[in-house]
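S.K.: Pasting in a structure now, in structure tokens, and then I'll have a few things to ask.
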Amino acid sequence: MSDKPGNPAVFLDRDGTLNIEKKYLCDPDKLVLFPEIGPALKRLSDAGYLLFIVTNQSGIGRGYYTEADMHRVNERLLTSLTPAGITFREVYFAPEHPDAESRGRKPSPAFLMDAARDHDLDLSRSYMIGDKFIDLACGWNAGVRRSILVRTGYGAEMEKRHAGELKDAWVVDTLTEAANQILSADHNHTDDIVGKSLNR
Ligand SMILES: [Mg+2]
């Protein structure tokens with residue numbers, strides 16, 4: 001075991017967060033990424049955040065499409081972002097029907113815990129970003145520093161429906177704004193440490 005502190009990570013929901021929500025998207029040709037995600041993810045990656053996708057894919061459990069269909073969509077998403085220098089460490093997916101038992105289906109924090117173990121993460125310095133309340137709850141259940149609701153996809157609707165339950169979540173319009181807030185929180189945190197050491 002190394003003594004160095006764990007890596008910070010950003011966990012991202014897929015549909016409605018990285019790409020336009022199309023209800024049970026299963027055709028790579030229908031995948032449309034939000035244009036701002038490339039630069040936003042690159043900035044987070046350059047700042048040292050490891051990137052992960054965590055997606056509920058109940059369309060598989062419902063029999064609407066196959067796991068292979070989902071992998072084709074994921075592959076298209078990953079290769080679309082490769083030229084921008086963006087690499088996701090893992091894509092975690094829960095294929096189960098919502099009524100079926102599932103270890104990883106959000107709001108379960110299981111995949112975040114797996115990632116923490118396999119990639120030496122510090123979850124208390126990590127973030128979960130999504131467009132649904134279950135994404136926020138997943139982050140809270142895993143003990144991330146902050147859950148972030150984007151108003152893309154179902155986000156604006158969730159903000160209204162769950163008003164009063166959003167706790168300390170940040171609510172932002174786009175992934176660009178999420179990246180801005182994460183990076184500025186880092187900056188302020190660094191200032192705090194510098195300030196304390198100077199006062200000693
Ligand atoms: Mg979503």
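Nothing in this text is a laboratory measurement; each read-out follows from the coordinates by a stated rule. Just so it is clear, the structure is predicted and the values come from calculations on it, not from any experiment. Cβ atoms come from the backbone with ideal geometry, glycine included; neighbour counts cover every protein chain shown.
S.K.: For n ≥ 4 DSSP H runs only, could you compute -39500 (n - 2.57) per run for the chain, divide by its residues and tell me the 222 nm figure to the nearest 500? Intermediate results must be reported in sequence, preceding the final value.
M.R.: Details: 7 runs with 80 residues, N = 200.
After summing the helix terms and dividing by the residues of the chain, the value is -12000 deg cm²/dmol.
S.K.: Let me check I've understood the local charge: for Glu157, count other residues with C-beta under 11 angstrom from its C-beta, Lys and Arg +1, Asp and Glu -1. What total comes out? Numbers along the way, then the final one.
M.R.: Details: positive: Lys132, Arg151, Lys160, Arg161; negative: Glu21, Asp131, Glu159.
With Lys, Arg at +1 and Asp, Glu at -1, the neighbours total +1.
S.K.: Which angle between 0 and 90 degrees, to the nearest 10, do you get for helix 175-199 versus the longest principal axis of the chain when only C-alpha atoms count?
M.R.: 20 degrees
S.K.: Related question: Roughly how many debye, to the nearest 20, is the charge dipole of segment 13-138 about its Cα centre, given +1 on each Lys and Arg Cβ, -1 on each Asp and Glu Cβ, and no other charges?
M.R.: Values: 16 positive and 20 negative charges, 35 e Å.
Dipole about the Cα centre, nearest 20: 160 debye.
S.K.: Just add up the charged neighbours of Glu96: K/R +1, D/E -1, any other residue whose Cβ is under 14 Å from the Cβ of Glu96. If you can, show how the numbers build up before the last one.
M.R.: Numbers: positive: Arg62, Arg103, Arg105, Lys106; negative: Glu67, Asp99, Glu101.
Taking every other residue near Glu96 into account, the sum is +1.
S.K.: Any chance you could give the angle, 0 to 90 degrees and rounded to 10, that helix 133-142 forms with the longest Cα principal axis of the chain?
M.R.: So the helix axis and the longest Cα principal axis differ by about 50 degrees.
S.K.: Taking segment 51-152, which GluC sites (Glu not before Pro) meet the DSSP loop condition and have no more than 16 other C-beta atoms within 10 Å? Mind dumping the intermediate values first?
M.R.: Details: sites: Glu67, Glu75, Glu90, Glu96, Glu101; in loops: Glu96, Glu101.
Counting only loop positions with at most 16 other Cβ atoms within 10 Å, the GluC sites (Glu not before Pro) in segment 51-152 are Glu101.
S.K.: Here is a follow-up. Rounded, prolate or oblate: which fits segment 9-159 when a ≥ b ≥ c are the square roots of the eigenvalues of the alpha-carbon gyration tensor, with rounded for a/c under 1.5 and prolate only if a/b beats b/c?
M.R.: Taking the square roots of the gyration eigenvalues as a ≥ b ≥ c, segment 9-159 is rounded.
S.K.: Can you find, among Ile53, Ser184, Gly85, the residue sitting farthest towards the positive end of the charge dipole of the chain, where Lys and Arg contribute +1 and Asp and Glu -1 at Cβ?
M.R.: Checking the options against the dipole of the chain, the answer is Ser184.
S.K.: Mind checking the angle between helix 67-81 and the chain's longest principal axis? C-alpha axes, 0 to 90 degrees, to the nearest 10.
M.R.: That works out to roughly 40 degrees.
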